[in-house]
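In what follows, a structure is listed as structure tokens, so that the remarks can point back to it.
The values are calculated or read from the model by the stated rules, or taken from the named source; none is laboratory data. Computed from a predicted structure; not experimentally measured. Don't worry about glycine lacking a Cβ; one is built from the backbone with ideal geometry, like all the others, and counts go over all protein chains shown.
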Amino acid sequence: MRFGIDLGGTKIEILALAPDGSEVLRERVPTPHRSYVAVVEAIRDLVLNAEAKLGRRGTVGLAIPGIVSPKTELVKNANSTVLIGHPLDKDVAAALNRHVRAANDANCFALSEATDGAAAGCEIVFGIIAGTGVGGGICVNGRVLTGAHAIAGEWGHNPLPAPSGDETPGPACYCGKRGCIESWCSGPALSAQFEAITGRKLRPTEIAAAAQAGDPAAGAAMDIYLDRFARAIATLVNVLDPHAIVMGGGLSSIDAFYTDLPERVECYGFNPEGETAIVKNRHGDSSGVRGAAWLWRPEEVEDGLPQ
């Protein structure tokens, strides 16, 4: 039995997966904000209550909105600030008397889709979460790639490649730099760009729908937006050469990512032999919690169970 925990800003969700990957239990509780200890206790209680209901013990994986620093072993870069500076995986492990694995939620998304999702069977998978930000995760041969600083896949904070004169120095990004891919290609960025040109306030999916319906202003905005996205993805292809790129997040419903973007990426990539496969996620919002459960491979399950 594998348990995946998705620790979000508003809810904590637990999912139990049978050995064949089928879901056998799913529950959620509000995320406590009063203290870090309350978060650890909520995760502990979710797991113990699930085991009591199912009559089985399981491994535990955590999808967190940040990373566990390889240097300090403490959580950093988390938008749930109560977690920052704490050894979350170790504290949950102590509360449950077993080993616990934690990974960034974007990495869990990539792992889920590479294991039994839209990119199942692919050797190298890059998962993109495009919404209020632009995040990414890498999965190679069924394993999450984290890197020396645990920031592998954070392509959203690379500069936009090949900027034109009017794209320099670029919009300010919350990370303190200017011209980051996220500041150009996130959902809020697209809406702001469209409003600056037209004076109209539309959500990103509404802009895409208007473009598809023949709105010339929306069509022009989407053309520029997709060109920027293609330049950004082409650098991924040149460095990582993924067998599949899986789109997730609120923008993943935009059809142009799958119909128009692959050809544009091919134009910018270095000597590709065909279009890069860009596919929509299979598990949607469940990818994070499923990926957390899959942090334990079948041959490792016994190592993650309480003795």
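Annotations
- Residue list for segment 97-124, filter: buried (at least 21 other Cβ atoms within 10 Å of the Cβ), more than 17 Å from GLY147 (Cα to Cα) and of a type in the set (Gly, Ala, Ser): SER112, ALA114, GLY117, ALA118, ALA119
- Qualifying residues in segment 144-163 (those that are small (Gly, Ala, Ser) and within 15 Å of ARG231 (Cα to Cα)) - the one surrounded by the most Cβ atoms within 10 Å (Cβ to Cβ): GLY156
- Taken over segment 255-299, the criterion of being of a type in the set (S, T, N, Q) and in contact (Cβ under 8 Å) with a residue 24 or more places away in the chain is satisfied by THR276, ASN281, SER286, SER287.
- Residue match in segment 4-11 (condition: surrounded by 16 or more Cβ atoms within 10 Å (Cβ to Cβ), modelled with pLDDT under 95, of a type in the set (Val, Ile, Thr) and under 19 Å from the mean Cα position of the chain (by Cα)): no
Per-residue answers, yes or no, for (1) within 22 Å of ARG57 (Cβ to Cβ); (2) out of contact with any Asp or Glu (no Cβ under 6 Å at 6 or more places or on another chain); (3) among the charged types (D, E, K, R); (4) not assigned by TED's automatic domain parsing to the domain that holds PRO65:
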{"position": "LEU7", "(1), (2), (3), (4)": "yes, yes, no, no"}
{"position": "LYS11", "(1), (2), (3), (4)": "no, yes, yes, no"}
{"position": "ILE14", "(1), (2), (3), (4)": "yes, no, no, no"}
{"position": "LEU17", "(1), (2), (3), (4)": "yes, yes, no, no"}
{"position": "ARG26", "(1), (2), (3), (4)": "yes, yes, yes, no"}
{"position": "HIS33", "(1), (2), (3), (4)": "no, yes, no, no"}
{"position": "ILE43", "(1), (2), (3), (4)": "yes, yes, no, no"}
{"position": "LEU46", "(1), (2), (3), (4)": "yes, yes, no, no"}
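- The one condition in (1) at pLDDT below 95; (2) more than 28 Å from ASN141 (Cα to Cα); (3) not hydrophobic (A, V, I, L, M, F, W, C) that ARG44 fails to fulfil: (1)
- Checklist (1) surrounded by 18 or more Cβ atoms within 10 Å (Cβ to Cβ); (2) under 26 Å from TYR174 (Cβ atoms) applied to LYS76, failing item: (1)
- ASP166 falls short on exactly one of the conditions (1) surrounded by fewer than 14 Cβ atoms within 10 Å (Cβ to Cβ); (2) at pLDDT 95 or above, and that condition is (2).
- The residues in segment 1-32 that are in contact (Cβ under 8 Å) with a residue 24 or more places away in the chain and within 20 Å of ASP89 (Cβ to Cβ) can be counted, and the count is 16.
- Yes/no for HIS86 being at pLDDT 95 or above, over 16 Å from ASP285 (Cα atoms) and not assigned by TED's automatic domain parsing to the domain that holds CYS175: yes
- Within segment 164-211, the residues that satisfy the criterion of being touching a helix residue (DSSP H, G or I) at 6+ places or on another chain (Cβ under 9 Å), of a type outside the set (A, V, I, L, M) and over 18 Å from GLY250 (Cα atoms) are GLU167, GLY170, PRO171, CYS173, TYR174, CYS175, LYS177, GLY179, CYS180, THR198, ARG200.
- Residues of segment 128-177 that turn out to be more than 13 Å from the chain's Cα centre (by Cα), small (Gly, Ala, Ser) and within 30 Å of ALA293 (Cβ to Cβ), as a count: 4
- Candidates ARG56, ARG44 - the one that is in contact (Cβ under 8 Å) with a residue 12 or more places away in the chain, surrounded by fewer than 16 Cβ atoms within 10 Å (Cβ to Cβ) and not polar (S, T, N, Q): ARG56
- Counting only helices (runs of 4 or more DSSP H) wholly contained in segment 176-275, the ones carrying 2 or more residues that are out of contact with any Pro (no Cβ under 6 Å at 6 or more places or on another chain), of a type outside the set (Val, Ile, Thr) and farther than 20 Å from GLY136 by Cα occupy 187-198, 204-212, 216-239, 261-268.
The rows are residues; the columns are (1) under 18 Å from the mean Cα position of the chain (by Cα); (2) among the aromatic types (Phe, Trp, Tyr); (3) within 18 Å of ILE129 (Cα to Cα).
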residue: GLU206; (1), (2), (3): no, no, no
residue: ASP215; (1), (2), (3): no, no, no
residue: ALA230; (1), (2), (3): no, no, yes
residue: ILE233; (1), (2), (3): yes, no, yes
residue: ILE278; (1), (2), (3): yes, no, yes
residue: ASP285; (1), (2), (3): yes, no, yes
